[in-house]
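Read the structure below first, then the notes.
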Amino acid sequence: MVDVILGMQWGDEGKGKIVDYFAPRYDIIARFQGGPNAGHTLYVNGKKIVLHQIPSGIFHQNTINIIGNGVVLDPVTLKRECDAVAAFGIDVKKNLFISERTNIIVPTHRALDKASEMQKGDSKIGSTLKGIGPAYMDKTGRNALRVGDVLQKNFTTEYIRLRLKHQKLLDNFHFVEDIGAWEEEFFEALEFLKTLNVVNGEYFIHEKIRDGKKVLAEGAQGSMLDIDFGTFPFVTSSNTISAGVCTGLGVSPRMIGEVMGVTKAYCTRVGGGPFPTELENETGELIRKTGSEFGATTGRPRRCGWIDLVALKYAAMLNGVTQMIMTKADVLDGFSDLEMCTAYKINGRETKELPYQMNGITIEPVLKNFAGWNTPTVHCREAAQLPEKMKTYISFINEYVGAPVKVVSNGPEREQIVHL
Ligand code: GDP
Ligand code: IMO
Ligand code: MG
């Protein structure tokens, strides 16, 4: 069986910490989409590490970690990450496996990402500039290079072919930056990539499943950034929802078991695009400060607001969420008043459905007030220790969304977790 942990909001829900926590219950942790745009923060023996492409099970010696075919992989970032992980005494050559179908991000993808954002000006997506969009475009455009190709003799010829194609596009954008240094580190990183375990990912996973092994698929980004169902065009370029697990790993829908949706107790978004519950005031500032809401990949300040139940219920529906995990509950510890968005008001009409286009229209959130618990919770380890007011807050979410919060995370460390 394949269980799934994924984000229900606009990313950064705390998936990395949660996957690391659940990893000992699984034999395999597999990333199925996204790439170095992700930043998954883990605390290992009190030390912080941010993973971008390596699955968050890497710190568990007996866990196999797979980078699936649905990922777009930047070899340069991967090499850096492997070095960072090695400093913790982890040998990636032992428990990291990469699908030969995984698409590669080349330096010109990063250049194209930058050029495209620059051209968009004020309407830019606010991409992480990691080359994600252009890399997925080359996949659907059937031009991409894949990890398996790196091992082939004609790789350099194929690389040059793609680079020439990209150069024409870059010329159109009037992009003149020299990317020579990027290319140098790219080819160095490819040599390193060749020393890692490259496998036929779909057979590899199926053999393990046949042997009774348990797989946990780790999502990147969040459901509201999904290319089909997110706040288009302010989205990422992959299917971040549970359906992406099937295409991103090569497993059938019948193999999907639990779908665990991660949500913050409030909501954040980094980059451009609609965000109905955003608080552009002191309260938003307080959440950002208390929750250290700054991007793990780009360092950008995250936009903060109240939890959005309309979007959360939508995400539960799209993903088939069987249970929720609520993170960063402790960030709200100091608040005496909390709000939740229970509907959107658009043109004077109330709706509980997400409009297909949220951009360019005014969405007023209908807010329901809740009494804050206004007491420290970071020390809580059992449900009985959690304040009643937090339980009331959670009960309302459960009822509205139609899936229960089963786990509350109350701090960034592994042991700061409470099962309900
Ligand atoms: P991801 O991309 O979903 O893995 O999330 P990020 O790592 O980008 O952002 C989550 C941030 O919140 C990280 O800095 C985590 O260390 C931190 N974090 C995770 N869970 C909790 C929690 O329950 N409480 C607090 N205070 N911080 C948390
Ligand atoms: P994790 O896995 C939050 C956002 C970017 C931008 C949009 C498109 O850490 O939750 P892209 O580089 O993908 O073309 O950017 O998506 N974005 C994320 N926001 N968390 C992430 O990943 C994100 N990955 C991309 O900020 O708005
Ligand atoms: Mg993140």
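Kindly provide the set of residues from the range 268-308 that are among the aromatic types (F, W, Y) and buried (at least 21 other Cβ atoms within 10 Å of the Cβ), ordered by number.
Within the range 268-308, F275, W306 meet the criteria.
Taking the conditions exactly as written (part of a strand (DSSP E or B), touching a helix residue (DSSP H, G or I) at 6+ places or on another chain (Cβ under 8 Å) and within 28 Å of K48 (Cβ to Cβ)), does I325 satisfy them or not?
Working: part of a strand (DSSP E or B): yes; touching a helix residue (DSSP H, G or I) at 6+ places or on another chain (Cβ under 8 Å): yes; within 28 Å of K48 (Cβ to Cβ): yes.
So I325 passes the test.
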_Set V331, V259, V251: member being touching a residue at least 60 places away in the same chain (Cβ under 8 Å), among the β-branched types (V, I, T) and part of a strand (DSSP E or B)_ = V259
*What is the residue count in the range 68-96 for residues that are touching a residue at least 40 places away in the same chain (Cβ under 8 Å), closer than 15 Å to F192 by Cβ and not basic (K, R)?*
9
*Go through G34, G68, G7 for me and flag whichever is within 16 Å of M260 (Cα to Cα) and within 16 Å of ligand 2 (Cβ to nearest atom).*
G7
_Just checking, does the range 383-390 include any residue being touching a residue at least 60 places away in the same chain (Cβ under 8 Å), at negative phi and either in a strand (DSSP E or B) or not charged (D, E, K, R) (or both)?_
yes
*asked:* Cβ-Cβ under 8 Å, sequence separation 6+ or interchain: first residue in the range 394-420 and in a loop (DSSP other than H, G, I, E, B), partner within 16 Å of ligand 2 (Cβ to nearest atom) and among the β-branched types (V, I, T). Which pairs?
replied: P412/T41
*Filter the strands (runs of 3 or more DSSP E) completely within the range 1-67 down to those with at least 3 residues that are away from ligand 1 (no atom under 12 Å from the Cβ) and crowded, with 24+ Cβ neighbours inside 10 Å.*
28-31, 64-67
*Answer yes or no as to whether V71 is within 27 Å of V251 (Cα to Cα) and either over 20 Å from the mean Cα position of the chain (by Cα) or among the hydroxyl-bearing types (S, T, Y) (or both).*
no
*Would you point out the residue of the range 200-220, among those that are outside any helix (DSSP H, G or I) and either of a type in the set (S, T, N, Q) or buried (at least 16 other Cβ atoms within 10 Å of the Cβ) (or both), that is farthest from ligand 3 (Cβ to nearest atom)?*
N200
*Would you call K120 charged (D, E, K, R), within 14 Å of ligand 2 (Cβ to nearest atom) and either in contact (Cβ under 8 Å) with a residue 12 or more places away in the chain or touching a Ser or Thr at 6+ places or on another chain (Cβ under 7 Å) (or both)?*
no
*Which condition number does S409 fail, the rest of (1) more than 16 Å from ligand 2 (Cβ to nearest atom); (2) surrounded by 14 or more Cβ atoms within 10 Å (Cβ to Cβ); (3) among the small types (G, A, S) being met?*
(1)
*If you scan the range 233-273, which residues turn out to be within 16 Å of ligand 3 (Cβ to nearest atom) and β-branched (V, I, T)?*
V235, T236, T240, V262, T263, T268, V270
_Count of residues meeting criterion [among the β-branched types (V, I, T) and within 16 Å of ligand 3 (Cβ to nearest atom)] in the range 279-321_ = 2
*If M358 satisfies every condition in (1) surrounded by 19 or more Cβ atoms within 10 Å (Cβ to Cβ); (2) part of a strand (DSSP E or B) but one, which is the exception?*
(2)
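Rule-based calculations on the coordinates, nothing more; no lab input. Fair warning: this is a prediction, and the values are worked out from it, not measured in the lab. When we count neighbours, we look across all protein chains shown, and the Cβ atoms used for this are built from the backbone with ideal geometry, even at glycine.
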